[in-house]
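All remarks here apply to the structure that follows.
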Amino acid sequence: MSASVPVRSLWAATAAPGTEFEPLTHEVRAQVVVVGAGYTGLSAALHLGGARDVVVLEASEVGERASGVNGGQVIPGLKHDPDTLEEMFGPVMGPRLVATVAGAADVVFDLIRQHDIACAAIRTGWIQPATSDAALEAIATRVAQWRGRGADVQLLSVPQVTQLTGSQRYSGGWIDRRGGTVQPLSYVRGLARAAQTAGARIFVRSPATRLERIGREWRLSTPGGSVTSPTVILATDAYTDGLVDSLRRTLIPVPSLQVATEPLPSSLRQSVLPEGQSASDTWHLLRYFRLDPCGRLVMGSRGAFGAAPAAVAVRHHYRAVREIYPQLEGIRYEFHWGGLVAMTRDHLPHLHEVAPGVLAGLGYNGRGIAMATVMGRILAQWALGTPSSELSFPVTSLAPIPLHRFNQMGARLAIQGLRAVDGLARLRARFTAAGSVP
Ligand SMILES: Cc1cc2nc3c(=O)[nH]c(=O)nc-3n(C[C@H](O)[C@H](O)[C@H](O)COP(=O)(O)OP(=O)(O)OC[C@H]3O[C@@H](n4cnc5c(N)ncnc54)[C@H](O)[C@@H]3O)c2cc1C
């Protein structure tokens, strides 16, 4: 087994303290029970607050999973471009879905403002730097499609992307000024506080271990108690367990690892992301990076880790930082942490009615801060009685991935394959720049 380094999360070290919640220790009734206290579940609970008696069950602590460990990049839009989404979902749902994803970052920043959530939110935009000319061509199409819909986005030339990122490695890119950054753990803790203030009862260290139909209602059991309710919202994303095994098999959980440097000295800080944007590039195994409020560079990418990050994966991330920012050679690293990203086969989030009264929203493919927050709102609207045909996100039937276990192994192999493809492309680019290889 390869050596590992201790987990140290930058966000856990710097977050605003959260509310203390207790485990469930008795039998309760609710009008809606939400499983999972990340952005999806807490946004659902917040949007239901007041209108329904809501209980939230969380297996660990608020924000301990993806919502508290992610890169904090608030990215509007999905992996698919707007024209593609409209083709996929037709003339009614297509434009409605595009409008939903276009406004997803607004929902995050509006909630932060309305509920006074202290989470270092800034909205100076998100950059996607291109790693090749082919990637830049795809970006140009994306920019044209979003501009055609009135979005505040702009294609970036090589000098512009170099200026905004402080890296000379990219072939241009685009900036989406709807995006921004948050301290992700402070954001999810703020949502929990707001949901509780709106009336939700939140129980932590209370995994739902069994879901049973009792007459027209559902009962969720935990080690210490149970909740009976006519409506269940499953908001468990990459951490979906065997509670509803067919739902678990709709996703491939993929690990993503981040590292954070010490605060950059001011001489370097002026050149690295000087205007405060965040960035995720176009490698197959993309690299995402930003500064934290103290000027640490935070960089993440796919990376294996078990209970603790594998040392080899951490070193791989250090190399990636040096490649993007050679000027950071010799900088010290203070933090290493990660979590699981839920990937779906169609690269889209999914909204399902798993059984009558059991709703699920999940599968954000690494773009969940904005989308999970919006999905929570949509789940709340559905639970409050909006017909599924009127929701602003398509409801699809549950489609477990055939041979799921092998798909997970396949994903691991695919990651290694894509790392090799990216590595070769980087080598080729380096030699081409040096004039050695055609
Ligand atoms: C390392 C990393 C970096 C990322 N970076 C970004 C980024 O920069 N920008 C972006 O937009 N997205 C990013 N993402 C994705 C984003 O974090 C997720 O899409 C989002 O947090 C999903 O929120 P959620 O509430 O659906 O799931 P989660 O936050 O994972 O919450 C699900 C919760 O369900 C609980 N749970 C599961 N099963 C049970 C059960 N049986 N009973 C009770 N509770 C249960 C889990 O304990 C967990 O707390 C990143 C993800 C990772 C892991």
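Tell me, what is the percent relative contact order of the chain, built from C-alpha pairs under 8 Å that lie six or more residues apart?
Dividing the mean separation by the residue count of the chain yields 25 percent.
Post the alpha-carbon centroid distance, segment 105-148 to segment 297-361, in whole angstrom.
So the separation of the two Cα centres works out to 19 Å.
If you wrap a convex hull around the Cα atoms of segment 42-198, how much volume per residue is inside, in Å³?
142
Compute the distance from the alpha-carbon center of segment 52-101 to that of segment 158-207, in whole Å.
What the calculation gives is 13 Å, centre to centre.
With charges only on Cβ, +1 for K and R and -1 for D and E, what is the dipole size of the chain about its Cα centre, in debye, rounded to 20?
Values: 42 positive and 34 negative charges, 151 e Å.
Rounded to the nearest 20 debye, it is 720 debye.
Given a 1.4 angstrom probe, I'd like the percentage of the accessible area of segment 139-179 that is carbon and sulfur, rounded to a whole number.
48
Using a Gaussian network for the chain with springs between C-alpha atoms less than 10 Å apart, which of these wobbles most: ARG169, ARG149, ARG205?
With Cα springs under 10 Å in the chain, the top fluctuation among ARG169, ARG149, ARG205 is at ARG149.
For segment 218-368, what relative contact order do you get, as a whole percent, if you take Cα pairs closer than 8 Å and at least 6 residues apart?
Relative contact order comes out at 31 percent.
Write down, largest first, the equivalent ellipsoid semi-axes of segment 184-229 in whole Å, where each equals the square root of 5 times an eigenvalue of the alpha-carbon gyration tensor.
After scaling each eigenvalue by five and taking roots: 26, 13, 8 Å.
Using Cα pairs closer than 8 Å and at least 6 residues apart in sequence, work out the relative contact order for segment 63-206, in percent. All intermediate terms of the calculation are to be shown ahead of the outcome.
Details: 200 pairs, mean separation 47.9, N = 144.
Relative CO of segment 63-206 lands at 33 percent.
Using only the alpha carbons, work out the radius of gyration and Dmax of segment 207-300 in angstrom.
Computed over the Cα atoms of segment 207-300, radius of gyration and Dmax are 21.5, 67 Å.
Considering just Cα atoms, how many Å³ per residue does the convex hull of the chain enclose?
On the way: hull volume 64.0 nm³, N = 438.
Per-residue hull volume (Cα only) is 146 Å³.
The values are calculated or read from the model by the stated rules, or taken from the named source; none is laboratory data. All of these numbers come straight from a predicted model, not from anything done at the bench. Backbone-built Cβ (ideal geometry, glycine too); neighbour counts: all protein chains shown. Calculation scope for accessible area: heavy atoms of the full protein, side chains included, ligands and nucleic acids excluded. Shrake-Rupley method; radii C 1.70, N 1.55, O 1.52, S 1.80 Å.
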